[in-house]
Amino acid sequence: MDYDVVIIGAGVVGLAIAKELAEQTDKTVLIIEKEASFGMGISSRNSEVIHSGIYYPTESLKAKYCTRGRDLLYDFCRQYSVWHNQCGKLVIGDKNQQTEIERLYEQGIKNSVPDLKIIDKSEIQKLEPHIDGDKALFVGCTGIVSSHDLMAQLYRISSEKDHDYLFFSEVINATQIDNGYQLELSNPLGVKETVTAEWVINSAGLQSDLIASMISDHTELPKLRYSKGCYFSLSSKWRGRFNHLVYPVPDKKHGSLGIHLSFDQTNTVKLGPSAHWIDDHQENYEVDRSLKHLFYNGASQYIKELKTNDLSPDFVGIRPKIYNVDDPLSDFYIHHEENKGFPGWVNLIGIESPGLTSALAIGEELIHIMVDG
């Protein structure tokens, strides 16, 4: 075999798996990435939120990896001086949404999320003078992180263990062979080449279901549907005005957390994401400017004195969601496909939010799969 492990995809989850392999094993590792560098897809096009774990069913993989990953992520950021801010967040509701706020609180308690409390209008005003709401769920363990700094540190740990990276390279076919797999690649020059490995970790993000279908046509493997999310930034007059992230109650129809307010290391404030289904695996990163009024109408429900001209188009993220018409809030699919006849092949499909928060916990789990069986 050319390598012990090939990881397809150098997003934050692929990098977290590589980091764990570097620290816990002596396996030879190749990471294949279709973009020019690591973390240029889903991992760099999001709100950079460290999620608490309040939203997800208790027995779900999202709840498991988010709550574990949150703690690992804070520890990692402190250890390696990765910029982060445990600012907390408010989930804002009006007088007709008190029941939904209470349900979120109860779900958070079930998921062992710390530092939760329901606060009233006067308490909201003390914490966030520019926010209007009748009730809110305060979530103290939510934060934000520099996703680029995080991924750069994961990449450094992996590279220092002599892991190999192939950028501008795509997997175009996969074949099961004795004791492993042969992958056919298109390299940066457009030339086809092959590589063999005992283990293949499919962490290909938006293409993860397509990569999975290269070895198996089993109908039980999940298929992805893309959810496009646009972000708008607020003008400089809003910079530094907020101390907490601010969320509406979740948008269950679209399987999203709604158009929320977040900020970054520079205290620049952004709103988003919206949620719009797109088909046929289209990657369209153009902000739909016509959504400006939708964003304004949504955000002005809880941001005082917001003006339409405060909003400017910012960027787009695309989520790889496992689409289920009955439950848009679908779970992760993380599975060693040994029982399907493919030992050594692990699929990670539908790793969307809270994937950034969950990454280190997923990496930890993958080591257990590979080392402990």
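The values are calculated or read from the model by the stated rules, or taken from the named source; none is laboratory data. What you see is a predicted model; the values in this text were computed from it and never measured. Cβ atoms come from the backbone with ideal geometry, glycine included; neighbour counts cover every protein chain shown. We work out accessible area using only protein heavy atoms, side chains counted, and drop any ligands, DNA or RNA first. Shrake-Rupley method; radii C 1.70, N 1.55, O 1.52, S 1.80 Å.
For the chain, what is the accessible area per residue in Å² when the probe is 1.4 Å?
Solvent-accessible surface per residue comes out at 43 Å².
Taking the convex hull of the Cα atoms, report for the chain its projected area averaged over all directions, in nm².
About 18.3 nm², averaged over all directions.
So if we plug the beta-carbon distance of I177 and H148 into 1/(1 + (r/R0)^6) with R0 = 56 Å, what FRET efficiency do we get, rounded to 0.05?
That pair, I177 with H148, gives E of 0.90.
Let's see if you can work this out: charge +1 on each Lys and Arg Cβ, -1 on each Asp and Glu Cβ, no other charges. What is the dipole magnitude of the chain about its Cα centre, in debye to the nearest 20?
Rounded to the nearest 20 debye, it is 1740 debye.
Past 23 Å, Cα to Cα: identify those pairs from K62/K321; K192/K228; K62/K126; K110/K135, in the order given.
K192/K228; K62/K126
So, in Å, what gap is there between the alpha-carbon centers of segment 152-217 and segment 255-306?
The two parts, judged by their Cα centres, are 33 Å apart.
From largest accessible area down, sort K121, K228, K321, K135; use a 1.4 Å probe on the protein chains. Write out the running numbers ahead of the final one.
Values: K121 90, K228 25, K321 5, K135 55 Å².
Output order, biggest surface exposure first: K121, K135, K228, K321.
Count charges around A63 for me, please; just the other residues with Cβ under 13 Å from its Cβ, Lys/Arg as +1, Asp/Glu as -1. Can you show the working numbers first?
Numbers: positive: K62, K64, R68, R70, K110; negative: E59, D331.
Every neighbour counted, the sum reads +3.
For the chain, what does the relative contact order come out to in percent, with C-alpha contacts under 8 Å and a separation of six or more?
That works out to 24 percent.
No solvent, one uniform scatterer per C-alpha: report log10 I(q)/I(0) for segment 1-127 via the Debye equation at q = 0.15 1/Å, two decimals.
-0.90
At q = 0.17, 0.20, 0.21 Å⁻¹, what log₁₀ I(q)/I(0) does segment 93-141 have when each alpha carbon counts as one equal point scatterer in the Debye sum?
Taken in order of the listed q values, log10 I(q)/I(0) reads -0.48, -0.64, -0.70.
Take the chain, mark every one of the GluC sites (Glu not before Pro) that falls in a DSSP loop and has at most 12 other Cβ within 10 Å, then report the longest stretch left between them, sites excluded.
Longest gap between qualifying sites, sites excluded: 60-219.
For a Förster distance of 30 Å, can you work out the FRET efficiency between the beta-carbons of E23 and R241, rounded to the nearest 0.05?
Once rounded, the FRET efficiency stands at 0.15.
Counting only the heavy atoms of the protein chains, how much of T58 is accessible to a 1.4 Å probe, in Å² to the nearest 10?
Accessible area, nearest 10 Å²: 60 Å².
With the full set of protein chains in place, find how many percent of the accessible area of the chain is carbon and sulfur; take the probe as 1.4 Å.
Details: 7150 of 16050 Å².
Roughly 45 percent of what the probe reaches on the chain is carbon or sulfur.
Rounded to the nearest 20 Debye, what is the dipole magnitude of segment 271-373 about its Cα centre when Lys and Arg each give +1 and Asp and Glu each give -1 at the C-beta? Walk me through the numbers before you get to the answer.
Details: 7 positive and 17 negative charges, 103 e Å.
Here the size comes out at about 500 debye.
Pick out, in residue order, every one of the chymotrypsin sites (Phe, Trp or Tyr not before Pro) in segment 227-291 that is DSSP loop and has at most 12 other C-beta atoms within 10 Å; say none if there are none.
In loop regions of segment 227-291 (DSSP not H, G, I, E or B), the sparsely surrounded chymotrypsin sites (Phe, Trp or Tyr not before Pro) are Y285.
Based on DSSP, what percent of beta bridges with both residues in the chain are antiparallel, to the nearest 5?
75 percent
If you put +1 on each Lys and Arg Cβ and -1 on each Asp and Glu Cβ, how big is the dipole of segment 158-208 around its Cα centre, in Debye rounded to 20?
Around 160 debye, computed over segment 158-208.
For segment 144-249, what log10 I(q)/I(0) values come out of the Debye formula at q = 0.13 1/Å, with one point per alpha carbon and no solvent?
The computed values of log10 I(q)/I(0) come out as -0.78.
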